[in-house]
Each structure stands twice: as C-alpha cells, then as structure tokens.
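No lab work stands behind these numbers, since they all come straight from the coordinates. The structure presented is a predicted model; accordingly, all values stated were derived computationally and were not measured. In this analysis, Cβ positions are derived from the backbone assuming ideal geometry, glycine residues included, and neighbour counts consider all displayed protein chains.
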Amino acid sequence: MLTPLDSKVSDINAENLGISVKDLMGNAGKAVADFLNERFAGHKVLFVCGPGNNGGDGFAAALRLDPAKTSVALLCEPSKIHTSESRYYYSLLECTIARYSDDMLDSADVIVDCALGTGARGSIREPYASFIKAANASGKTAISVDVPSGLGCNLAVKPRYTITFMDVKEGMDQSNCGSIVICDIGIPYEAYHNVGPGDMLRYPIPGPDSHKGQNGRLMIIAGGPYYGAPSMSSCSALRTGADIVRLFSPENIHHEIASCSPVLMITDLPGRILCRESVKLLLQESLNYDAVLIGPGLGTDNETMEAVREFVSGCTRPLVVDADGLTAIRGMRLAGNAVLTPHHGEFERLGGGNPEDLARIMNATVLLKGRIDMITDGARSRINTTGTPAMTGAGTGDVLAGCVSALISKGMSCFDAACLGAYICGKAGEIGFKSKSYGLIATDIIDCIPSVLCEGLK
C-alpha cells in the first residue's frame, strides 16, 4: 500500500532512472484507455479533469479514444493546468473540450473522474465539490483514475471502478473505490526498491515558525576508550539538521572531544568507561530527547556491555545502536523502535544469516552496511547504492550512525531514516570523492552532508 508521499518518491526515482513523468503519464493514459475500450466500447465517455497530473492522466487517456464519443470537461481554465506534462497531453486533444458544468454529465454514459489525485486534504472546495456531488447523484457509471477524487476528505466520488497504478494507495478499499484495477505503467522496480533522490522528499523540513529544539533533540552515549567516534557521530548529526545534540561520555575524554568542535555539547559521566552506575541517570535524561544513539567508541569492557544492555532494555525513546553497542545486544529482542547499523563483521556477531530474519528476530530495523547497503525491518526491504570505495576508512560508520539518528530525532520512522541516512551519507561521500579521491576521510563526508541537503531539498 502506497502513501501519497510514496507515489511522489517513486515518480522522482523513476525519472532519475530515465523514465520521465511524461512517459509515465502516457502509460497511465494508455492503461485507462485500454480498460475503457475493453469494458465500455461504443459508450459516450466524459473525462472530468483537474489542473494537476491526475487531470493529465485523463488527457492522455482521452487521446486514445474515439474523439466522436469522447469529451473533456475542465475544472479550471486551460492556463491554470499545473504541469508541463499535463499541458503537453492537453495540447494534443482532438475531442470536445469545455469548462465543466453539472449538466454535461447528462449526455455521458461513463464519467471518468480525473479531478483530484492523492494530495487532496480537508474540505473539498468548489468547483470540485459540485462535481463530486453531481457525479454521485447522476446514476452514471463512474471510474476514478488513481484514487477517487476527495478520498479521505469530507466528500469523495463513489466510483464503480478505480484504476490505480503500481499498487493500491493508502485508504483505498472496495467500499470507497468499487472494483480496484491495478495497472503497471512502467515504473521500474528500482524506483521504489532502491533509495534514490526522490526519498529526499521524506526529509523533515522545519516549519517557518519553528523554534530551537523543535527539529530534533538527540542524545548520544558514546566514547571512553575512543573520542574520535563520538565527536564524528555528533558532528554528523548536527550537519544532518538536528537542532540539539548532546553527547554523554566518560569524563576522561571531555577535553579531547571538546577540542574537535566548539559546537559540541558534552555531559561528563563518571569514570573512564561507560559504567552501570550511570544507567539510571541516562535513562532519566533520555526522556528529554527525541532519539538516542548509543555505541560509537564505547569499547567492549564487560561492565560497559552490561550498561548498554541495561540502558537498551529500559529506554523508551527510538534508538540507533552502532559499533560497540551492537556487541552488547546480541540475543536481545528490542521494542520495535530501533535501528541497528552493523558492518558485515558485526552482522555475523549479531547472528548473521538473512538480514530480514535478523530484523524480525531482534524486532528492529537493520541497516547492513556494505558496497550496497541493505535496509530491512523484516517486512520491508530496500537497498542503497550511493557511495564510493573510498568510504572504507575508519569513522564512516560513525558518520552514518549520526546521520540516521538525527533523522529519527527529527520525526522520521526508523525504517525511512535508515534508508535516507544511507543515501545522504553515500551521496556526501560521492561529492567528497570528487576533490579528495582516495584520500577521502570521515570528516570530509560530514562536511559534504549540507551539499546533499542543498541539492536534494531545492
């Protein structure tokens, strides 16, 4: 089942793979026309079209029908048609075209609803409301394209058939769509299985009136034997757009971490390693944050491993477990709100086998890092192909963990954050490689994350 956002993401990813929106619209039109020719040959067909791509699907379908028995009713002025693709197919029409009026329904045998697509929300405005009411009262056969206009709103078309593309959309069932016909319009499998530029639409952009702390508060528990890993994961999270990142680390490395960047906020924990005596404090502090990252640079001291297990068992916030933290949680079943980020060695230590099976066993999203990243929650799986062989150096995993945890703190689901985080870090590595070649290091990737955001969110 696809959400409206899933559909937009797939369209952009398909275009990135060489399948244009224009081609997809043409294929959608062909699918609708083929259905009409098969079921309603010889009938008078009226397409009621809005200004968006849903209307464009209608224009592309009308082109393929007998113009003598086909007409198009516009719910807007032709100059208001939104997209170049829709305008293109509109320009090719040879059938009767007129501004919509309710009486146009009287002369039609079949009404094809192409008024509103998946983006409709709230109360339906005119002239769409009048059309929907008239169509439902007409007694004519109504066929909706992609989704019934107004689906999920206060008023919606009640069609006999709904012709949809790729998969059913969120909220669709037989009670509100009639018979659902799913058509293949040529969207490549990779457009929704591979993470791509379209997934940048999932990035949580701050609202214009948002304030400090409203766009991600992240807690990082890291360090002890090592200080590079916690500093890199923290800086990566900040570069990914988390508002507040606070690092909780053993007091012996405070000055080393602080020297890495003046923007790092550090809370000292007693001792030279993470100890069980700190767990109660950390669990209480975690309630003040939107997400938690635990693991980078912790080391594998027995007491640290016990502390990690105790914290993970008691934490109620979404978690990212990375690096040494993964060693501690082998055999644990988590709460379903966690991302595990193992490389292949860590994956084997967690149990190995099939990543989907491990995700189900541990009740977590698994991001298995490699030449091709695999992301799965046990029910869904995607792959990420961004990146470069130069990203095999130390610290790149810490950068990824910081990026994923920042996205979760900003409100993304664990699965979507793991997918997008892998994509962003891989693209940042590709940008860095252009100037650093095989001298690329983890901090270069951090520096390039804003460039990925600038390009992907424009």
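Counting only DSSP beta bridges whose two residues both lie in the chain, roughly 10 percent are antiparallel. Listed peptides 16-24, 82-90 appear in the order 82-90, 16-24 once ranked by packing, highest mean of other Cβ atoms within 10 Å at the front. Legend: calculated FRET efficiency, Arg99 to Asn16, from the Cβ-Cβ distance at R0 = 35 Å, rounded to 0.05, equals 0.40.
So what's the net charge close to Cys114: Lys and Arg +1, Asp and Glu -1, counting the other residues with Cβ under 10 Å from its Cβ?
-3
For the peptides 136-149, 166-179, 375-388, residues were scored by their other Cβ atoms within 10 Å and the scores averaged per peptide; the highest-first order is 136-149, 375-388, 166-179. Charging the Cβ of each Asp and Glu at -1 and of each Lys and Arg at +1, and nothing else, the dipole of the chain about its Cα centre rounds to 480 debye. Legend: residue pairs Lys133/Lys169; Lys22/Lys158; Lys30/Lys158, Cα-Cα distance threshold 25 Å; pairs beyond threshold, Lys22/Lys158. Packing here is the average count of other Cβ atoms within 10 Å per residue, and on that basis the peptides 47-57, 346-356, highest first, run 47-57, 346-356.
Projecting the Cα positions of Ser451, Leu63, Leu274 onto the charge dipole of the chain (unit charges on Cβ atoms of Lys, Arg, Asp and Glu, taken about the Cα centre) puts Leu63 furthest along the positive direction. Output the relative contact order of the chain, whole-number percent, from Cα pairs under 8 angstrom with separation of 6+ residues. So the answer I get is 12 percent. Of the labelled figures (1) 24, 43, 26, 7, 0; (2) 22, 43, 24, 11, 1; (3) 23, 57, 19, 0, only one reflects P(r) over Cα pairs in 20 Å bins from 0, in percent as derived from the coordinates, namely (1). Between Asn288 and Leu5, full extension at 0.36 nm per residue minus the direct alpha carbon distance yields a gain of 98.9 nm. Under 5 Å from the amide H of Ile97 lie the amide H atoms of Val72, each residue being 5 or more positions distant or on a separate chain, with H modelled from the backbone and absent for Pro and chain starts.
Database remark: amide H of Val320 closer than 5 angstrom to the amide H of Val292, Leu293, Ile294, Val339 (H placed geometrically; neighbours at sequence offset of 5 or more, or on other chains; Pro and chain starts carry no H). Centre-to-centre separation between the Cα atoms of segment 366-429 and those of segment 7-32: 26 Å.
Suppose every Lys and Arg Cβ carries +1 and every Asp and Glu Cβ carries -1, with no other charges. What dipole size does segment 268-380 come out with about its Cα centre, to the nearest 20 debye? The dipole of segment 268-380 has a size of about 240 debye.
Count the DSSP beta bridges whose two residues both fall in segment 213-456, then state the antiparallel fraction as a percent rounded to the nearest 5.
Antiparallel bridges: around 25 percent, rounded to the nearest 5.
Ranking Leu105, Val308, Gly345 by Cα position along the charge dipole of the chain, where only Lys, Arg, Asp and Glu carry charges on their C-beta atoms, puts Leu105 farthest toward the positive end. Under the convention that each Lys and Arg Cβ holds +1 and each Asp and Glu Cβ holds -1, the size of the dipole of segment 243-308 around its Cα centre is about 20 debye. Angle of helix 302-314 to the longest C-alpha principal axis of the chain, folded into 0 to 90 degrees and rounded to 10: 30°.
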